[in-house]
C-alpha cells in the first residue's frame with residue numbers, strides 16, 4: 001500500500017520520465033503496485049482487498065437453515081454444506097456461525113432454567129456418554145489455532161467424568177481420547193452414547 005505522500009512522489013517521478021522499474025527500485029515497491037497506482041486502479045491509503053471469503057457462498061444457506069431450525073446440529077449442517085461443495089473444516093463452520101451470530105436465540109431454551117426439567121434415570125452401569133466440547137481462543141503457545149476441543153466421557157448414573165484435550169476431532173484423537181478417559185475412569189459401561197461425531201462409526205451386525 002502507498003501512502004498519499006508516496007503516491008504524489010510516484011506520479012511526480014513518472015512525469016519526469018522515470019520508468020516504472022526505476023520508480024519501483026527507488027521506492028522499494030513492486031512494479032505491479034507502482035503500475036496499479038499510476039493507472040488509477042488503486043487509491044493511496046487504501047489496502048488492496050483480500051481474496052474472496054470462501055465461506056461467503058454458503059452464508060445465505062447457513063442463515064436460512066438456522067432460521068428454520070435454531071437447534072440444527074452444526075455437524076448435520078456441515079454434512080449438508082459438503083454436498084454443496086463446502087471444503088472448509090467443521091471447526092471453521094462453527095467459528096463462522098459463532099462470530100457472525102448466525103444461530104438465532106431460542107426463547108424457549110433461554111428460559112429453560114426457569115421451568116421444571118425432565119430427569120432421565122440411568123441405572124448403575126447402564127451407559128457412558130461421550131461428547132466433544134469446543135473451547136475457543138486457546139493459548140497461542142499451544143499452536144492449535146482459534147479452537148481447542150475437549151472430549152468428555154461421563155458415567156451417566158454417577159456423573160463421574162474425565163476429559164481429553166485435543167487440537168482437533170479427527171479419528172486418531174477420538175481413539176486416543178477414549179483410551180485415556182477409559183483408563184482414568186477405571187473402566188466404563190458396555191453401552192456407549194455418542195453425541196453425533198463424524199469420526200465414530202457404528203457397524204451393525206449382519207443378519
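The values are calculated or read from the model by the stated rules, or taken from the named source; none is laboratory data. All values derive from a computational prediction rather than experimental measurement. Here Cβ is always computed from backbone atoms with ideal geometry, including for glycine, and neighbour counts include all displayed protein chains.
Would you mind telling me which numbered condition in (1) in a helix (DSSP H, G or I); (2) in contact with a helix residue (DSSP H, G or I) (Cβ under 9 Å, 6 or more places away or on another chain); (3) closer than 28 Å to residue 131 by Cβ; (4) touching a residue at least 24 places away in the same chain (Cβ under 8 Å) residue 7 fails?
(3)
Taking the condition surrounded by fewer than 16 Cβ atoms within 10 Å (Cβ to Cβ), at pLDDT 90 or above and part of a helix (DSSP H, G or I), does residue 22 pass?
Criteria not met by residue 22.
Looking at the stretch 39-54, can you tell me whether even one residue there is assigned to a helix (DSSP H, G or I), over 14 Å from the mean Cα position of the chain (by Cα) and surrounded by 14 or more Cβ atoms within 10 Å (Cβ to Cβ)?
The answer is no, given that none of the residues of the stretch 39-54 is assigned to a helix (DSSP H, G or I), over 14 Å from the mean Cα position of the chain (by Cα) and surrounded by 14 or more Cβ atoms within 10 Å (Cβ to Cβ).
Among 158, 154, which is at pLDDT 80 or above and either touching a strand residue (DSSP E or B) at 6+ places or on another chain (Cβ under 8 Å) or in a loop (DSSP other than H, G, I, E, B) (or both)? First the steps, then the outcome.
Working: 158 fails: at pLDDT 80 or above.
154 is the lone residue from the list that is at pLDDT 80 or above and either touching a strand residue (DSSP E or B) at 6+ places or on another chain (Cβ under 8 Å) or in a loop (DSSP other than H, G, I, E, B) (or both).
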